[in-house]
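See structure below.
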Amino acid sequence: MAVWDVLSRRRDGDPWQVAGSLNAPDLDLAMLLARETHFRHGEGTTFALRRRGEDEVHECPDPEGLGGVIDKEYRRQTGYVGVGAKLKRVHAMMADRGLVIDHPRPRGHRRRERAGA
């Protein structure tokens, strides 16, 4: 497996700087791994890869997607609006198909705590 040096530019026009390295069998997988491991939080404007020991630099073909998902609605309560209603709709649909158990769950097999222990 080849070792690839990951090069990055913080801003357009900056020189390439080594951001790290990774192991990958080919250039395509190395590009994917570099994007996911080194640039998912928008750490630079673009990146390139260079196979260790070689001089050829392979620039990222599409740097527009760097930074990943920035929508963090899952951190707020409003991100879960409608989940209860969806659960009720799914429960009703499953009941129409006869796939719902309507009796309560059996009690667990927990040991009873001893008095005074």
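Looking only at the range 51-64, decide whether some residue is part of a helix (DSSP H, G or I) and in contact with a strand residue (DSSP E or B) (Cβ under 8 Å, 6 or more places away or on another chain).
Let us first name the residues in the range 51-64 that are part of a helix (DSSP H, G or I), namely 63-64.
In the following step, the residues that additionally are in contact with a strand residue (DSSP E or B) (Cβ under 8 Å, 6 or more places away or on another chain) were identified as 63.
Among the residues of the range 51-64, at least one is part of a helix (DSSP H, G or I) and in contact with a strand residue (DSSP E or B) (Cβ under 8 Å, 6 or more places away or on another chain), which makes the answer yes.
Counting only residues that are open to solvent by 80 Å² or more (accessible area, probe 1.4 Å) and within 16 Å of GLU59 (Cβ to Cβ), which one in the range 28-44 is modelled with the lowest pLDDT?
It comes out as LEU32.
Pairs only if they're at least six apart or on different chains, beta carbon under 8 angstrom, first in the range 72-97 and over 30 Å from HIS41 (Cβ atoms), second of a type in the set (Val, Ile, Thr) and modelled with pLDDT under 85; list them, first residue then second.
Hits for this filter: HIS91/VAL100; MET94/VAL100.
Among the residues of the range 18-27, are any in a helix (DSSP H, G or I) and either free of Cβ contacts under 8 Å to residues at least 40 places away in the same chain or open to solvent by less than 50 Å² (accessible area, probe 1.4 Å) (or both)? Don't jump to the end; show me each part of the working.
In the first step, residues of the range 18-27 are kept if they are in a helix (DSSP H, G or I); the result is 27.
Checking the rest, the ones that are also either free of Cβ contacts under 8 Å to residues at least 40 places away in the same chain or open to solvent by less than 50 Å² (accessible area, probe 1.4 Å) (or both) come to 27.
Yes, because at least one residue in the range 18-27 is in a helix (DSSP H, G or I) and either free of Cβ contacts under 8 Å to residues at least 40 places away in the same chain or open to solvent by less than 50 Å² (accessible area, probe 1.4 Å) (or both).
The values are calculated or read from the model by the stated rules, or taken from the named source; none is laboratory data. Keep in mind the model is a prediction, meaning the values are calculated, not measured. With ideal geometry, Cβ positions are generated from the backbone for all residues, glycine too; neighbour counts draw on all protein chains shown. Protein only, heavy atoms only, side chains kept; ligands, DNA and RNA dropped before computing areas. Shrake-Rupley method; radii C 1.70, N 1.55, O 1.52, S 1.80 Å.
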